[in-house]
Amino acid sequence: MAPETLPEGWLDDLGSFLVIPSVSADPAHAPDVVRAAEWVADRVRSLGGEAEVREEGRLVVGEIAGPPGAPVVLVYGHYDVQPPDPLELWESDPFSAEVRGEWLYARGVADDKGQLWMQLEAAASLAASGEELPVTFRVVCDGEEETGGDAINRFLAADRERVDACVVLDGWMKRRNKPELVVATRGLVALDVEVSTGARDLHSGHYGGTALNAIHALAQAFTALLPRDGRLPEPLRAGVTPPSEEELAGWSELPSGAEELARVGAVPLDGRAADEFYVRAFVEPSLDVTGILGGKPGLRNTTLVSRASAGVTIRVAPGQDPEVLAAAAERLLRKALPAGATMETKADLTPPATLPYDNDVFRAGREAFGAVFGTQPLVVRAGGTLPILAALADRGIPTVMAGLALPDSHTHSPNERMLVETFPLGVAAARETYRALGERLSPSAARA
Ligand SMILES: [Zn+2]
C-alpha cells in the first residue's frame, strides 16, 4: 500500500485537541474535560453527524449515519488524560504539541487522544471521499477512563441500539510497526487487608516475645498467597484457560521475556520467569502486595505493633471469576493467620475479558492492519485491565482492539510521545478497517 499522506494542517488540528488539559483526576480541570468533550462532539458534527456531551462520565455520544442498513460500528476512545506531574521532568509544555526528532510530544498524544484522533480522522477521510460511508459510526468517548470511572460500562449495559462491531485504538505494540490485536485482558481483584492483634500497641520490653505483633501476623498470612515455582497457589488458579496454538505461535514473535525484563531493569522472579514471560503475563493470574502500613518506620522505636494493613492486587486471568478468586484469597489468608489475630478485608472486583476472534469483524481488522502495516498483526492478550472490553464481551459485540503507541511512548510519564510516522498509518488502518467491516457485514455481503 502506498505511504499514506494526511491532509495539510493535520498537526495543527490534532494539536488543538492535545492542548486542552483534560485531566480527569483534577477537579480544577473539570472545565477542560468538558472542553475536550466538546471538541470531540464538534468533530462528529463537522462530519455531518450528531453528538451530545452527557453529564454522566462526560460521555460523548454521537452518530454519523451511513446509508440505510449499513453495519453499525462503535468507535470508542477516551479523551481524558493523566496528570502531567512532575512538570519539571517535561522538556516541553505537556499541553502543547511539539515535534522533536521523529516524535510528537504532548500529554495524551499516546494515551489516548492521539489514537482517538486517528479514528475520527479515518471517519473524516471517508466522509470527505464523496462516496457513501461504508458503515454508520456510533461514537462513544469516555472522559473518566484515567480515573477508573465506569460510566462507559453502565452505558453499554443499558444501551439497546444496534451495534455490529467495535473498534478501539488504545495501548501499545511492543515492536515498531508490528501491530497487535488484543483478544483478552486480565481483570483485577483489589483487596484491602487489615490485621489486628490487640487493643493497643505495647512496650516491646515488657511484652516482646509473649504478645502477637500485627505486622508479623500480616507477613505470615501473606506467605500463603505468594507464588511457588512461578505459579500462584492452586485455589487462585481456578478457571485458567490455556492459550491456543495460534496465540502461542504469535507470542514467539514478541520481544523475548529476557528483553522485556531487562528493558525496565527488573529482577526476574525466578529462573523460568524470562522463558515463561508471556504465559505468566497473558494466561496466568498474578498477585502483588502493593503496600504495607504499620508501626512507625523511620523513627527508631521499641513498640510492639497491634495493627497493620496492606493492599493486595490480583490480576485475574481470562476465564477466571474475580468473586471466586477474592473468596479464595481471603480463605488462604485467614488459614495462615496466627491464632488470635483478627482480619478484615474489602475487595473491589473488575472482571477479565475474552473476546472471541473467529468472526468477520476480527478478520476485517486483521486484514486491514496487515495491509496497511505490511505485516500480519499478532494476536495477543493484555496483562492489564480494560473494563470496557468485559462490557463489550458481555454484549457479544465483536471488537477490533489495537494500540499504536510504543513501550517507549512514556505513557502516564513525563515527555509522553508518539512517533509522527504512526499517525498516517493509524488513520489508514482505522479507515481500511471501517471499509472492510462495511464489506463483510453489509446485508449484500451476507447474501453473496
Ligand atoms: Zn491511560
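The values are calculated or read from the model by the stated rules, or taken from the named source; none is laboratory data. In this text the structure is predicted, and so the values were computed from the model without any measurement. Note that each Cβ is placed from the backbone with ideal geometry, even for glycine, and that neighbours are counted across all protein chains shown. Accessible surface is based on the protein model in full, side chains and every heavy atom, while ligands, DNA and RNA are left aside. Shrake-Rupley method; radii C 1.70, N 1.55, O 1.52, S 1.80 Å.
Within region 340-355, track down each residue that is closer than 17 Å to residue 327 by Cα and either touching a Gly at 6+ places or on another chain (Cβ under 6 Å) or of a type in the set (Ser, Thr, Tyr) (or both).
Residues satisfying the conditions are 342, 345, 350, 351, 352.
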### Task
Find the residue count for region 108-140, including only residues that are farther than 16 Å from residue 420 by Cα, open to solvent by less than 10 Å² (accessible area, probe 1.4 Å) and either part of a loop (DSSP other than H, G, I, E, B) or within 14 Å of the ligand (Cβ to nearest atom) (or both).
1
### Task
Identify the single condition in (1) open to solvent by less than 20 Å² (accessible area, probe 1.4 Å); (2) under 21 Å from residue 400 (Cα atoms) that residue 157 does not satisfy, given that it satisfies every other one.
(1)
### Message
Just the residues that are over 24 Å from residue 386 (Cβ atoms) and assigned to a strand (DSSP E or B), please, taken from region 298-339.
### Response
303, 304, 307, 308, 309, 310
### Task
Could you please find all residues in region 379-438 being assigned to a loop (DSSP other than H, G, I, E, B) and either among the small types (Gly, Ala, Ser) or away from the ligand (no atom under 16 Å from the Cβ) (or both)?
383, 384, 395, 396, 397, 398, 403, 413, 420, 421
#### Entry: region 71-80, residues that are out of contact with any Gly (no Cβ under 7 Å at 6 or more places or on another chain) and either away from the ligand (no atom under 16 Å from the Cβ) or at pLDDT below 95 (or both)
72, 73, 74, 75
### Query
Which of the residues spanning region 147-169 are at pLDDT 95 or above and within 16 Å of the ligand (Cβ to nearest atom)?
168, 169
#### Entry: Among the candidates 83, 68, 94, residue that is open to solvent by 40 Å² or more (accessible area, probe 1.4 Å), within 16 Å of the ligand (Cβ to nearest atom) and either more than 17 Å from residue 402 (Cα to Cα) or small (Gly, Ala, Ser) (or both)
83
### Message
Considering only residues that are more than 18 Å from residue 213 (Cα to Cα) and either over 36 Å from the mean Cα position of the chain (by Cα) or part of a loop (DSSP other than H, G, I, E, B) (or both), which ones fall in region 284-297?
### Response
284, 285
### Task
Please state which one of 265, 291 is open to solvent by less than 90 Å² (accessible area, probe 1.4 Å) and either at pLDDT 95 or above or under 30 Å from residue 379 (Cβ atoms) (or both).
265
